[in-house]
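Working notes for the structure below.
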Amino acid sequence: MKQIEHTTLITVYEHNNELAAADAELLQRSKQAMAHSHSPYSHYPVGAALLLEDGTIVEGSNQENASFPLGLCAERTALANSAINHRGKAVKAIAVSVGTEVAAPCGMCRQALLEQESIQDTPIRILLRGGDETVYAIGSVKELMPLPFYSKNLR
Ligand code: THU
């Protein structure tokens, strides 16, 4: 018998002045992206911003639908935006802003982020900002995904 342990290291920033300038900018862009959210059903706007390898910042926001299951999370609209408009560029980091306490990407978005991390084979940093400006930082999507399901599982 053996046991496998999965650890997630979360760095918590309680004051804005503790953040690196690049992180503060990405977080600010994710906060701005909340303005483009279409969330008349949940009333829960979410904004996301991706930092690409060439320094470009790409935004996304949650887009809901009267047929509720059709809604898209901010993280996945940002990933799609990047895939279409900045094809092939690696994602260095994603920032996600909400108006409530810090919220982490849902399971579907973790899986989508993991796919991008697998394609580019470099870690994507995750920055999560709450409405009170608290920020959680996590070094890679893998840290949020114990026992991940990868393309290699299909072989
Ligand atoms: N949502 C996101 O955009 N990202 C997440 O990580 C969690 C949830 C959205 C989906 C829905 O539009 C609203 O938040 C409420 O669940």
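Some points to look at:
- Among LEU127, LEU27, HIS38 - extreme Cα towards positive end, dipole of region 1-151, charges at beta-carbon: HIS38
- Sequence-ordered 3J(HN,Hα) estimates for region 6-21 from the Karplus curve with 6.51, -1.76 and 1.60 and θ = phi - 60° stand at 10, 10, 10, 9, 10, 9, 9, 10, 9, 10, 3, 6, 7, 7, 5, 4 Hz, glycine and proline given as x.
- Placing a pseudo-label 7 Å from each Cα along the Cα-to-Cβ vector at ASN17 and ALA80 gives an inter-label distance of 4.2 nm.
- Of MET1, MET34, the residue with the largest accessible area leads and the full order is MET1, MET34 (1.4 Å probe).
- Estimated from helical segments only, the mean residue ellipticity of the chain at 222 nm is -8000 deg cm²/dmol, where each DSSP H run of four or more residues counts as -39500 (n - 2.57).
- Shape summary: the chain maps onto an equivalent ellipsoid whose semi-axes, from the alpha-carbon gyration tensor, are 23, 19, 17 Å in decreasing order.
- The figure for TYR41 is an accessible area of roughly 100 square angstrom, using a 1.4 Å probe on the protein chains alone.
- Under 12 Å, Cβ to Cβ, from LEU26 - net charge with Lys/Arg +1 and Asp/Glu -1: +2
- Counting charges near VAL46 (Lys, Arg +1; Asp, Glu -1) among other residues having Cβ under 15 Å from its Cβ returns a value of +1.
- Based on protein heavy atoms only, the chain ends up with 58 Å² per residue of surface accessible to a 1.4 Å probe.
- The residues packed around THR134, meaning those with a beta-carbon under 9 Å from its beta-carbon, carry a net charge of -3 if Lys and Arg are +1 and Asp and Glu are -1.
The values are calculated or read from the model by the stated rules, or taken from the named source; none is laboratory data. Predicted model only: the values in this text are computed from it and were never measured. Using ideal geometry, Cβ is built from the backbone for each residue, glycine included, and neighbour counts are taken over all protein chains shown. Accessible surface areas use protein heavy atoms only, side chains included; no ligands, DNA or RNA. Shrake-Rupley method; radii C 1.70, N 1.55, O 1.52, S 1.80 Å.
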